[in-house]
Structures are given as C-alpha cells and as structure tokens.
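As structure tokens, the structure follows; a few thoughts come after it.
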Amino acid sequence: MYIYLVFINFIGFLIMGIDKNKARKGKWRISEKIIWFFVFIGGALGVYLGMRFFRHKTKHAKFVYGVPLVLLCELICLVFIYFR
C-alpha cells in the first residue's frame with residue numbers, strides 16, 4: 001500500500017509540472033478531470049505539493065480548497081487504517 005501511495009503521489013506531482021509547462025507553452029493541457037482523478041485515488045499530497053512547487057492552479061478555488069480537503073480525508077483514513 002505504501003509503494004502505491006508513493007507512486008501515485010509522484011505521478012500527481014509530475015502531472016502538475018507537466019500541465020504547468022504545457023500552459024506556459026500554450027499547448028494542449030491535461031484535463032482537470034484527470035488531475036482530480038489522481039487526487040481522489042490517493043494522490044492528493046502529490047498534487048498539492050505540485051500546486052505549490054510549480055505555482056499551478058493556485059487561483060482556482062476548487063483546487064486551493066478542494067485538494068487540501070481531500071488530502072485531509074485521505075490522511076484521516078490512513079490513520080484509521082494504521083491504528084486499526
């Protein structure tokens with residue numbers, strides 16, 4: 001499970017960097033649906049760190065508030081799983 005979380009968060013971080021690079025170059029972008037997909041399958045931390053590191057999607061309220069909220073839910077679930 002931990003390997004999965006490391007992998008999915010790494011992919012989430014990369015997606016934010018790739019999308020930021022494409023935005024700068026005016027190229028076809030990664031869909032927000034794909035970004036949210038990675039957030040909801042356990043990659044919220046990676047996407048959040050990518051948001052901050054690349055300064056990407058930081059003016060979109062649904063990302064600024066939504067990603068940390070999902071991250072908090074994921075962390076609560078991990079704590080319950082770990083201490084179960």
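Couplings for region 74-83, taken from phi via the Karplus curve 6.51 cos²θ - 1.76 cosθ + 1.60 with θ = phi - 60°, read 5, 5, 4, 4, 4, 5, 5, 5, 5, 8 Hz in order; Gly and Pro are left as x. For the chain, what does the helix formula give at 222 nm: sum of -39500 (n - 2.57) over DSSP H segments with n ≥ 4, over the residue count, nearest 500 deg cm²/dmol? Rounded to the nearest 500, it is -25500 deg cm²/dmol.
The alpha-carbon positions of the chain define a convex hull whose volume is 78 Å³ per residue.
Taking the C-alpha atoms only, the angle from helix 2-25 to the longest principal axis of the chain is near 10 degrees. Working note: Karplus 6.51/-1.76/1.60 with θ = phi - 60° gives region 39-54 the couplings 4, 7, 9, x, x, 4, 5, x, 5, 4, 5, x, 4, 6, 5, 8 Hz, where Gly and Pro are set to x.
Read the figures in this text as sums done on the coordinates, not as results from a lab. Owing to the predicted nature of the structure, the values given are computational and were not obtained by experimental measurement.
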